[in-house]
Every structure is written in structure tokens, then in C-alpha cells.
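What follows is calculated from the coordinates using simple rules that are stated; it is not laboratory data. Here the structure is a predicted model, which is why all the values come from computation and not from measurement. No Cβ is skipped: glycine too gets one built from the backbone with ideal geometry, and neighbour counts run over all protein chains shown.
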Amino acid sequence: MKKIYIKSLIIVCCFLLVKCSKKANQAPSKVDLVFPTSDLLCIDNTITFDWTEATDPEGNDIEYNLIIAKDRALTDVVENRTVTDTQIEITLEKETAYYWQVDALDVNNNLGSSSEVFAFFTKGEGEQNYVPFTSQLLTPNNNTIVASGTLDLTWKAGDPNLDDVLSYEVFFGENADPALVDDAVTTKNYTVNVVTGTTYYWKVNVKDDSGAKSIGQIWSFTAN
């Protein structure tokens, strides 16, 4: 009886050893966007999208998911393509702001980290003033927890008209639809004071010196 127990224990241990030795399949590496570059004014609306090749730890075949949208949150999607190459030519509307991102996934559908989201603008006919790109969140991360006290809100912004001077409308507060707190910010940061146990919401609208304005999306964080 003792021998049977020992044999059973050895079999179970061997099974667990083999099972534990099998590594979980890993996702491909993150890709970098090459073209269109960030905040680019594209002369042509037929664009060859280009990004770097991802690598897979197990050497599996890789596919790429390209998303092109009309908003930085990638909800108003106009193109969603899955391809095996790192380039694809797509024709889009003229005189339109777009945002794009690429993910890499392997044959087991393991999705790698998403690339950055880049903005670009397809030029219309003649010289025109274009609306600035929507603000891009830097810090704090959306839906994150931060320390109470003084906090810097930071963002990125760009404009297809490279010579335009930009300013910012900052909305901030405890309401999910935050109130305007400053409509003439000239730097890409704004300092606020936050209290423990409170969730805050904020957004940034971007204006150029001709009055064109893009409306930002709402972000949130909670003070701990």
C-alpha cells in the first residue's frame, strides 16, 4: 500500500513539473509608428501607412491590426484593417483630422501592447486654417489613483498649421461634466489641488490664434 502511494505521489509530481515547465505563450512586441508622423499635414489623401515590424518571443507568425479614427479615443473608426505586412495604402477624406494606432497579435491571438496614437490631417484645396488636433493626455493617467495635494495636469497638443499659436481651455472639477476653470492657458500644464477620497474629471480644449478650436475628451483620476 505504501509503495502504491509513493508511486502515485511521484506521478503527480512529474505531472505538475511538466505542467509548470510549459511557459505561457507571450504576446508580440510593441510596434512604432513610422508614417504618417505625429501631427503631420498630409498633402495627399492617399497615404501609405508604415510601422516597424514586431517580434514574437516564440517566433510565431504576426498580424497587425490598424485602426484609423476621427477621434483620439479611437471610437469613431473609419478603417479597421488586419494585415500581415507593415505597410498599407489607404485613401481617406480630404480636409479631415485622423488618429491612428497599430497592434500586433500572434497566431494564438495574443495581443501586444498598443502603439502610440498619432494624429495627422489630410489637406484640402488651397491654403486654409485647420482646427487643432485634440489634446493628448500625458499625466496623470486616465482612471488612475494619485496622491492628494498639489498635482500638475499635463498634455500634448498640435496643429496642422505649424505657425499657429495655441492656447488652452482647461475644465476641472468633481462633476463628470467639469466646469471651465481657465480659458487662456498658454502652457501645456495646469496645477490643481486635490483632496483624499475625491474623484476628479478634466479636459482640455485646444484653440489657435484664428479662433479654430478642438474639443477634448474627459479624463478622470481619484486622489488617495
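List of remarks:
- Estimated vicinal HN-Hα couplings, Hz - region 135-145 in sequence order (Karplus 6.51, -1.76, 1.60; Gly, Pro = x): 4, 10, 5, 10, 9, x, 4, 5, 6, 9, 10
- Our coupling estimate for region 43-52, obtained by passing each phi through the Karplus curve with A = 6.51, B = -1.76, C = 1.60 and θ = phi - 60°, is 5, 10, 8, 9, 10, 8, 6, 9, 8, 6 Hz, Gly and Pro reported as x.
- Take every Cα pair under 8 Å whose residues are at least 6 apart in sequence, average their separation, divide by the length of region 136-223, and the relative contact order is 35 percent.
- When log10 I(q)/I(0) by the Debye sum over Cα atoms at q = 0.09, 0.17 Å⁻¹ is computed from the coordinates, the matching label among (i) -0.38, -1.14; (ii) -0.37, -1.30; (iii) -0.52, -1.17 is (iii).
- Helix-only arithmetic for the chain: the sum of -39500 (n - 2.57) across DSSP H runs with n ≥ 4, divided by the residue total, places the mean residue ellipticity at 222 nm at -3000 deg cm²/dmol.
- Amide H contacts of GLU79: ILE68, each under 5 Å away and 5 or more positions distant or on a separate chain (H built 1.01 Å from N in the peptide plane; Pro and chain starts excluded).
- Burial ordering of ASP103, ASP164, fewest other beta-carbon atoms within 10 Å first: ASP164, ASP103
- Cα-Cα over 28 Å, subset of LYS30/LYS94; LYS94/LYS207; LYS30/LYS213: LYS30/LYS94; LYS30/LYS213
- Length gained on full extension, ASN109 to LEU180: 21.2 nm, using 0.36 nm per residue less the C-alpha separation.
- Length released on extending from VAL146 to VAL165, taking residue separation times 0.36 nm less the Cα-Cα span: 3.7 nm
- The residues GLU169, GLU125, when put in order of fewest to most other Cβ atoms within 10 Å, stand as GLU125, GLU169.
- For the chain, the longest principal axis of the alpha carbon atoms and the long axis of helix 2-21 meet at an angle near 30°.
- Global geometry of region 134-224, whether rounded, prolate or oblate, following the gyration tensor of its Cα atoms and the 1.5 cut on a/c: prolate
- The relative contact order of region 14-152 comes to 28 percent, based on Cα pairs under 8 Å that sit 6 or more residues apart.
- Other-chain or far-sequence residues with amide H under 5 Å of GLY158's (modelled H): PHE133
- Distance between the pseudo-spin-label points of ASP50 and GLU125 (7 Å out from Cα toward the beta carbon): 3.0 nm.
- Gaussian network model of the chain, springs between alpha carbon atoms under 10 Å - residue of ALA24, ALA179, ALA73 with greatest fluctuation: ALA24
- Between amide H atoms placed 1.01 Å from N, distances below 5 Å from VAL181 occur with VAL170, PHE171, PHE172, all of them 5 or more places distant or on a separate chain.
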